[in-house]
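What follows is a single structure, written as structure tokens, with notes after it.
FYI, it's all coordinate maths here, none of it is from the lab. Please read these numbers as outputs of a predicted model, since none were measured by experiment. All Cβ positions, even for glycine, are placed from backbone atoms using ideal geometry, and neighbour counts span all protein chains on display.
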Amino acid sequence: MNVQEILTNLETKHPGEKEYLQAVHEVLESIETIYNENPQYESAKIIERLVEPDRILTFRVSWVDDEGNVQVNLGHRVQFNNAIGPYKGGIRLHPSVNLSILKFLGFEQIFKNALTTLPMGGGKGGSDFNPKGKSDAEIMRFCQAFMLELWRIIGPSTDVPAGDIGTGGREIGFMYGMYKKLQHENAGVLTGKGLNWGGSLIRPEATGYGATYFTNEMLKTQNDSFEGKTVCLSGFGNVTWGVALKVTELGGKVITISGPDGYVYDEKGLDEEKIDYLLALRASNNDIVSPYIEEFPEAKFIPGKKPWEVPCDIAMPSAIQNELNGDDAKQLVFNGVKYVIEVSNMGCTPDAIDIILKNKLPFAPGKAANAGGVGVSGLEMSQNAMKLNWTKDEVDAKLHQIMSSIHIACEKYGTEDDGYVNYVKGANIAGFIKVADAMLDQGIV
């Protein structure tokens, strides 16, 4: 495999899709050696087949706002690879949504889902619709119009979408209601459903919980723990909330959260009341985090900056892709950070990752650390298929097992000669081998 040649060809075919090309580049660099040691992959053109989606559906979404005006958005569904199970991945509703972002997310989802050990393929979808400031009625009309196009290509054994940025329980409910009406069946085709109609316990917390469990496994390999550690988080939505809950429970102290307007530094750390306030702040339909200091005046708000300038033991970017860059990584290293964990998908830029790895800091890529969300979505699929509900403790125990298994796989394939665990390499190789071998078994299709 010639990585540069493949990337050049992709750039020619997909110009300007920087997020997608970045995601492909990271994976190809990690798996190059093992790929070239297995000629069966080359003869079956596994890479050439893996980097292109099986199909992409792009469609117009027309809906009517509360003033009677017709609004038009674009919708997409990227079905990337289903070698080990139905396509699985969230629906993102955000003005920034484009095909490059959805293809990067769908490509990452292939390996993330493979790492969970559950039978799920990779996919992603979304729209440039912005739910912020919209009424419930407007969101319902948009979601119904969106599903009018999407329902033809999804199903419990075909493609199972989930929530993502901008798509919570309300949006999933509206989409599922329309799917059920169109399909004339009550099947678990969407995950993230309400608890009283097929949802799973701890699903809202799952991404944050899972990332914390994975980090805890990393800490154990260093004979370390969360006890007494300072933790910098970004974002203030469900993911950050879940991480803050579990980190605090394990004895760590969360000292930052952030939004697009800047970050909050709370030297005392988040407690139960403050963590609960994160949900109330997010539920207020407001993108900004600055109101936090009105509620808790002992904290400081630093406008227009990111939290990575604050000295901490553990940095966990939890908001959006490429939120931690090379300069941020240099600052973290200078301040003595001990661990960096991507909780957001591709939360660090390539130059940031290079700096972290060169300094031999334990670093967890998002496809490993944040797999708890899709892991519990897979458990929701299982519960729906069996027509039963597991208790919170049962789901949490299975989530623990999933994250522990992912850590074991990363160690297996990522441990270098000097004992350092390159979790990026380990996660990519472990996920790739599972998917590639399944593709070989199933022939050229």
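Computed values, structure above
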| quantity | calculated |
| --- | --- |
| Cα gyration tensor category, rounded, prolate or oblate, for segment 211-280 with a/c compared to 1.5 | prolate |
| Distance between segment 21-77 and segment 400-428 - C-alpha centres, whole angstrom | 25 |
| Segment 142-254, relative contact order [Cα under 8 Å, separation at least 6], % | 21 |
| The chain - Kirkwood radius from inverse mean 1/r over Cα pairs (Å) | 22.1 |
| Candidates per GluC sites (Glu not before Pro) in segment 336-445, loop by DSSP, up to 14 other Cβ within 10 Å | E416 |
| Rg/Rg_ref, segment 343-385, where Rg_ref = 2.2 N^0.38 Å and atoms are Cα | 1.59 |
| Mean Cα-pair separation over length for the chain, i.e. relative contact order, pairs under 8 Å, 6 or more apart, % | 15 |
| Theoretical ellipticity at 222 nm over the chain - DSSP helices of four or more residues, -39500 (n - 2.57) apiece, nearest 500 | -15000 deg cm²/dmol |
| Cα centroid of segment 361-377 to Cα centroid of segment 282-305, whole Å | 27 |
| Cα convex hull volume per residue for segment 80-142 (Å³) | 90 |
| Isolated Cys in the chain, by beta carbon distance under 4.7 Å | C143, C348, C410 |
| About the Cα centre, charge dipole magnitude for the chain (Lys/Arg +1, Asp/Glu -1 at Cβ), debye | 1000 |
| Per-selection metrics, segment 205-361 (Cα): Rg and Dmax in Å | 14.3, 42 |
| Kirkwood-type radius of segment 3-185, with distances r between different C-alpha atoms, in Å | 17.4 |
| Karplus-derived 3J(HN,Hα), 6.51/-1.76/1.60, for each residue of segment 319-335, Hz, glycine and proline x | 9, 7, 5, 6, 8, 10, 9, x, 5, 4, 4, 4, 5, 4, 4, 4, 7 |
| Cross-link reach list, lysines versus K425, counting only Cα pairs under 17 Å and skipping chain neighbours closer than eight places | K112, K358, K360, K367, K412, K434 |
| Residue (of V310, S234, I356) at the positive-pole extreme of segment 205-361, dipole from beta-carbon charges | I356 |
